[in-house]
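> So that we are looking at the same thing, I have put the structure below in structure tokens.
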Amino acid sequence: MTWVREMVVGDAAAVSAVRVAGWRAAYAGVIPGAYLDAMSVERDAARREERFAAGRAAGLCDLVAAGADGQVAGWACCGPRDTPGDGPGAGEGELYALSVRPGLLGGGVGRALLGAVHEEA
């Protein structure tokens with residue numbers, strides 16, 4: 001069973017671990033290995049913590065999916081579509097990122113997050 005909730009700043013390290021593992025799994029052989037190897041959960045978590053309050057103030061919504069064990073299984077970020085003025089898409093929401101722990105792919109975590117993003121948007 002997976003449930004989705006708003007991210008809190010204390011989730012930053014777990015979200016970063018999911019993001020880095022997801023990038024390494026998804027982009028192996030596509031992005032140079034040196035780049036993927038240089039990714040750091042600690043650096044990513046520090047950036048995420050630093051930007052957390054500013055993101056909320058800008059209308060971003062960070063969501064986490066937790067599994068039955070209570071651990072962060074996935075993360076999604078959504079917010080307003082970056083459309084100037086009143087052009088096409090102005091006032092609409094957009095999914096910016098979605099990551100799932102690689103070992104849980106196909107288990108409905110991404111689907112649960114996407115459903116919550118649709119509700120948020």
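Here, each number is a calculation from the coordinates, and none is a lab measurement. Since this is a predicted model, take the numbers as computed values, not measurements. Methodologically, a virtual Cβ is constructed for each residue, glycine included, from the backbone with ideal geometry; neighbour enumeration extends over all protein chains shown.
> Averaging over all projection directions, find the projected area of the Cα convex hull of the chain and quote it in nm² with one decimal place.
Computing the convex hull of the Cα atoms and averaging its projections yields 8.4 nm².
> Separate question: With springs only between Cα atoms under 10 Å apart, run a GNM on the chain and tell me which of TYR27, TYR96, TYR35 wobbles the most.
Among TYR27, TYR96, TYR35, the largest GNM mean-square fluctuation belongs to TYR35.
> Between GLY93, TRP3, SER16, whose Cα lies farthest towards the positive end of the dipole of the chain when Lys and Arg beta carbons carry +1 and Asp and Glu beta carbons carry -1, centred on the Cα centre?
Farthest along the dipole direction, towards plus: SER16.
> Counting only residues 5 or more places away or on other chains, whose amide H sits under 5 Å from the amide H of TRP3 once H atoms are built in the peptide plane?
Those lying under 5 Å, H to H, from TRP3 are ALA66.
> For the range 14-19, in order, what is each residue's ³J(HN,Hα) by Karplus, 6.51 cos²θ - 1.76 cosθ + 1.60 with θ = phi - 60°, in whole Hz (x at glycine and Pro)?
Going residue by residue, I get 5, 5, 5, 4, 5, 4 Hz, with x marking Gly and Pro.
> Defining a contact as two alpha carbons under 8 Å apart and six or more residues distant in sequence, what relative contact order in percent does the chain show?
Over the chain, the number comes to 31 percent.
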